[in-house]
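Everything on this sheet refers to the single structure shown next.
The values are calculated or read from the model by the stated rules, or taken from the named source; none is laboratory data. As the structure is a prediction and not an experimental result, all values here were calculated from the model. Reconstructed Cβ throughout: ideal geometry from the backbone, glycine too, with neighbour counts over all protein chains shown. Accessible surface is based on the protein model in full, side chains and every heavy atom, while ligands, DNA and RNA are left aside. Shrake-Rupley method; radii C 1.70, N 1.55, O 1.52, S 1.80 Å.
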Amino acid sequence: MFSTTKIKSKSLSFIPLVFLIYFQVSGGPYGTESIVGSGGPFFAILGFLLFPVIWSIPEALVTAELATAFPGNGGFVIWTHQAFGPFWGFLVGFWKFLSAVINLSSYPVLCIDYIDPILPTSFSPLPHYLVISVSTMLLSVLNFIGLPTVGYAAISLGVLSYLPFLVISVFAIPKIDPSKWAVLGQKGRKKEWPLFFNSLFWNLNCWDNVSTLVVEGVKQPSKTLPKAFLSAGLLTCLTSLIPMLAATGSMSLDLDDWVDGFYTVVAEKIVGKRFKKWVRIGAFLSGIGVYQSQLSSCSYQLSGMAEIGLLPKLFGVRSKRFNTPWLGIMIPTVISVLVSYMNFRHVTSLVNVLNSLGMLVEFSAFIWLRVKFPGVERPFKIPITRLRWLIAALFIPFGFLLYVICVGTKIIYLVIVVLTAVGIIWYFCMKIFQATMWLDFIHVVKKLADFEDFGGYYERILK
């Protein structure tokens, strides 16, 4: 049954936290090939040098401030709830949850696709889908045990999945020609900027996901979280840049070849044919790590939304043995299984647009909370006090989010309008269920700011 006592979950130590964030954001070089193919080596390398500065650092800093000032399993839902009310809190949670679940659904499929060619026999369609379903369920098991288990598994998966790229990079060193890094493109081939930025955004985004785990898994978040963000940021950029520099600098360049999965060909050409399978195994392990880490964030988000009354109480039900939100784990798992059966070619763009809608509201909430509650204790605070400079610092991230939304296709917009309408209807259904007491909700103070000590509100609503 739902826990009504103070949370006793074990916290993550620093290194597991870093790798958990690493997998929530990226998970390694797998999937970065299309950045080279769509923009060319120069812009791909430049993107991994500049984009963390203009996007990842602002998102991480905003997350660090708000997650420590307004702690709770709801994370970004709590911030927007506090800034703009329960409707926007719910809608942001709905958008971000859909973005995460749709993203989750792609990883078991990718894992099977990578590992399938090195298995003794190919699967026929029915067993193939069966394997995807079973593997998705199995991938969820570690989350039932607890965050520390997921964190330590992330370390092993991160190291093992990256080893093939270290070998590729070492073998490439004698063949590297630095002049190839300055290639702007290919004659007769146009840049695919929407694909370029969507892929870059997909590989360097979601720093706010860890906010749903701060209360459960982070000791002294005001000190630990900024350091973990910095470490995970360096790890993410370096693990993507090093093999990219090695591959583009040592091979003859044909941008048409640089599509997702091309690193298996790179391995064959630089190291040898037999080494190709090790990259496939590495991709398989990386997919497991990303799935585990993102599922953690999803599950605690649902639990947090139940704890502040935005979802029925049953969404926060916990395992008696492990104190993990088992229903919050099962719901995204089952949905990701169902979504994985769909042959949808626009997953990256859909995930990015949904996430961008949520981030626009999150950044707006950050600015408005500085105005609305200037006196609230912020254990970690971005050292910018003037509102105009704060807005200026977020001007480029705001602009980029609008760009990502604007380059979506008609089918993407249609899907998002339909899904958003479903979310709005669901919200008002929840209000009716709460008013009529058809479902059991946790009733909390409508304005969380009424508590003098924001850091203590989480414990108070659970007592």
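Which value in nm describes the separation of the simple spin-label points at residue 433 and residue 42, placed 7 Å from the Cα toward the beta carbon? Placing both labels 7 Å along Cα→Cβ, they lie 5.6 nm apart. Computed extension length for residue 368-residue 338: 7.0 nm, one decimal, from 0.36 nm per residue of separation with the Cα-Cα distance subtracted. Packing around the peptides 376-388, 146-158, taken as the average count of other Cβ atoms within 10 Å per residue, puts them in this order, highest first: 146-158, 376-388.
Kirkwood hydrodynamic radius of the chain from all distinct Cα pairs, in Å? Computed over the chain, the radius equals 22.7 Å. Ligands, DNA and RNA are left out, and with a 1.4 angstrom probe the accessible area of region 14-451 is 42 Å² per residue. Using R0 = 56 Å, the C-beta based FRET efficiency linking residue 422 and residue 183 works out to 0.75. Spin-label model, residue 377/residue 238: points 7 Å from Cα along the beta carbon direction are separated by 3.6 nm.
Estimated from the Cβ-Cβ distance and a Förster radius of 45 angstrom, the FRET efficiency linking residue 386 and residue 410 is about 0.65. Each of 294, 255, 336 was placed along the dipole of the chain (beta-carbon charges, centred on the mean Cα), and the one lying farthest toward the positive end is 294. Packing-based ranking of 250-263, 271-284, 14-27 yields 14-27, 271-284, 250-263, ordered from highest to lowest mean Cβ neighbour count within 10 Å. Region 158-198 and region 220-280 have Cα centres spaced 8 Å apart.
For the chain, the dipole from Cβ point charges (+1 on Lys and Arg, -1 on Asp and Glu) about the Cα centre works out to 440 debye, to the nearest 20. Annotation: amide H of residue 218 within the under-5 Å range of 12, sequence separation 5 or more or interchain, hydrogens built in the peptide plane. Each Cα pair under 8 Å and six or more residues apart adds its separation to the average, and for region 14-451 the resulting relative contact order is 34 percent. Each residue of region 155-164 was assigned a 3J(HN,Hα) from its phi angle through the Karplus expression (A = 6.51, B = -1.76, C = 1.60, θ = phi - 60°), giving 4, 4, 5, x, 5, 5, 5, 8, 3, x Hz with x at Gly and Pro.
Surface composition of the chain: carbon and sulfur make up 70 percent of the accessible area, probe 1.4 Å.
Within the shell defined by Cβ-Cβ distances under 15 Å, the residues around residue 40 carry a net charge of 0, with Lys and Arg each +1 and Asp and Glu each -1.
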